[in-house]
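Bear in mind these aren't lab numbers, they're just calculated from the coordinates by the rules spelled out. Here the structure is a predicted model, which means the values were calculated and not measured. Quick reminder, even Gly has a Cβ in these numbers, built from the backbone with ideal geometry, and neighbours come from all protein chains shown.
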Amino acid sequence: MVVTGMSYPAFAFYRQDRKDYYSNPWRMKGCKLIEPYSGDDRYMEFTNVIGFQGKYYAISRQGSLALIEDEGNSGNFEITALGRHRVVPQCKVSRHFREYLLEYNGDIYLVFLLSRASINVVDDVEVFRLDRARLVWEKVDRLIGDAMFFVEDKCCLGISASLIGCSRGNCVYFTHDRADDTWFVFDMNTSSISTTSGPEIDLSDSE
């Protein structure tokens, strides 16, 4: 497990030593890399991170991507590569955005919830897939297969609609800190947002 979102340390890694159970399992790691897009030589600060296949992928406050690896399985995590380009919403007019990372079907995705006029209202959703070989984010207009994404502040996941008997996929379900526990669905076919009580379950097979 890894925690980020702090100015220092940049990361806190949790790794219990099986040979020394009473040792401190938390390992703090600072970052002395200059943020490429800061303009004032500040160190990189990270807002989001996801673990996948033994590696970590972190996004900085300026949208830079950092690959973090434990080389030699020593517990000494280091930033080993940076992405080629920063990732920011493609929407030209956005007052505020929220970002979420998740893994689905062997790929890492980034979801932006965009607010144009008010930070209380989400007006648009953008989804990006990470090309891990090139460390490049690619915008996607359609989710793979019948995928559904669920994003909120505490948990994010992707699932096949057919696995839960849902009648449609290619949509993003979301809520946020100013939504008063209301859930919304973004239909990627129509680029429309509506309130929802949950996925539409197809009960025809059980009748």
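Could you check, for the stretch 184-200, whether at least one of its residues is assigned to a strand (DSSP E or B) and under 16 Å from the mean Cα position of the chain (by Cα)? No, every residue in the stretch 184-200 fails to be assigned to a strand (DSSP E or B) and under 16 Å from the mean Cα position of the chain (by Cα).
Among the conditions (1) more than 18 Å from Ser64 (Cα to Cα); (2) surrounded by 15 or more Cβ atoms within 10 Å (Cβ to Cβ); (3) out of contact with any helix residue (DSSP H, G or I) (no Cβ under 9 Å at 6 or more places or on another chain), the only one that Gly106 does not satisfy is (2).
Among the criteria (1) of a type in the set (Gly, Ala, Ser); (2) over 24 Å from Tyr57 (Cβ atoms); (3) touching a strand residue (DSSP E or B) at 6+ places or on another chain (Cβ under 7 Å), the one Gly145 does not fulfil is (2).
Can you work out which of the residues in the stretch 122-139 that are in a strand (DSSP E or B) and without any contact (Cβ under 8 Å) to a residue 24 or more places away in the chain is farthest from Thr195 (Cα to Cα)?
So the first thing to find is which residues in the stretch 122-139 are in a strand (DSSP E or B), and the list is 124-131, 136-139.
When the remaining residues are screened for being without any contact (Cβ under 8 Å) to a residue 24 or more places away in the chain, the result is 129, 131, 138.
Working: Arg129: 25, Asp131: 32, Glu138: 28 Å.
Among those that are in a strand (DSSP E or B) and without any contact (Cβ under 8 Å) to a residue 24 or more places away in the chain, it is Asp131.
Answer yes or no as to whether Ile159 is over 26 Å from Arg86 (Cβ atoms) and surrounded by fewer than 14 Cβ atoms within 10 Å (Cβ to Cβ). Taking the combined requirement at face value, the residue does not satisfy it.
The residue of the stretch 162-181 that is surrounded by the fewest Cβ atoms within 10 Å (Cβ to Cβ), among those that are hydrophobic (A, V, I, L, M, F, W, C) and touching an Asp or Glu at 6+ places or on another chain (Cβ under 8 Å), is Cys166. Listed here are the strands (runs of 3 or more DSSP E) enclosed by the stretch 54-121 that have at least 3 residues being under 20 Å from Gly158 (Cα atoms): 55-60, 96-104, 107-115.
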